[in-house]
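One structure below.
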Amino acid sequence: MSLEGLTDLMSGNDRQIGEKMAAEGYDVAQICQNGHVVNKFTHRYPENNQDFCQTCGTATMTLCPACHTPIRGGYWDPFVDRYEVPKFCINCGEPFPWTDLKIKAANDLAGMLESIDDSDRRMLEESIAELTKDTPAIQVAAVKFQKVMAKAGKKAASAFRDILTDVFSETARKILWP
């Protein structure tokens, strides 16, 4: 789909955001609902667009499900090849589906741990939500997370790390897993 075709689907404010992204040198990304990047340059390389993810088979998207703003893609610079899957929409601030799915998986895992009590589960769920954001409360959330992980054991801590590495903020990753 061309940028013009994409902007036809958006309302006035969302269209301005899409046009602003393009003016700033960003393309629109296509990402599956589980967070696999299918194409970080949907306009520059439309031949790489896919309706479904080849890794997990789920549907792909180019717009935020909450506000229909294009998902910021790769930066149009031959010397910049780094692309990090966004966790939250740049327009409405809502978490993308892949962020929600990983948090839900971690919370489901917390619910299965017999080595922690309900109070620890609540503290763990609150700290997980906070560790996805880079806020002043991240230090406190990291301490709470580590406290519960000490009770949960090494296997559980490793499982949480595998699930949450991609959605935790860079600061949280540096604090928890230096």
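Among the residues of region 50-64, write down those that are open to solvent by less than 70 Å² (accessible area, probe 1.4 Å) and assigned to a strand (DSSP E or B). Selection gives Ala59, Thr60, Met61, Leu63. The residue that is nearest to Leu101 (Cα to Cα), counting only those in region 29-47 that are assigned to a strand (DSSP E or B) and open to solvent by 20 Å² or more (accessible area, probe 1.4 Å), is Val37. Where helices (runs of 4 or more DSSP H) sit wholly within region 65-178, those with at least 3 residues that are touching a residue at least 60 places away in the same chain (Cβ under 8 Å) and either open to solvent by 10 Å² or more (accessible area, probe 1.4 Å) or more than 28 Å from Cys53 (Cα to Cα) (or both) occupy 97-112. When Thr55, Thr99 are screened for being modelled with pLDDT of 95 or more and in contact with a His (Cβ under 6 Å, 6 or more places away or on another chain), only Thr55 passes.
The values are calculated or read from the model by the stated rules, or taken from the named source; none is laboratory data. Since we're looking at a predicted model, the values are computed, not measured. Here the Cβ is made from the backbone with ideal geometry for all residues, glycine too, and neighbour counts use every protein chain on show. Keep in mind that these areas ignore ligands, DNA and RNA; they rest on the heavy atoms of the full protein, side chains included. Shrake-Rupley method; radii C 1.70, N 1.55, O 1.52, S 1.80 Å.
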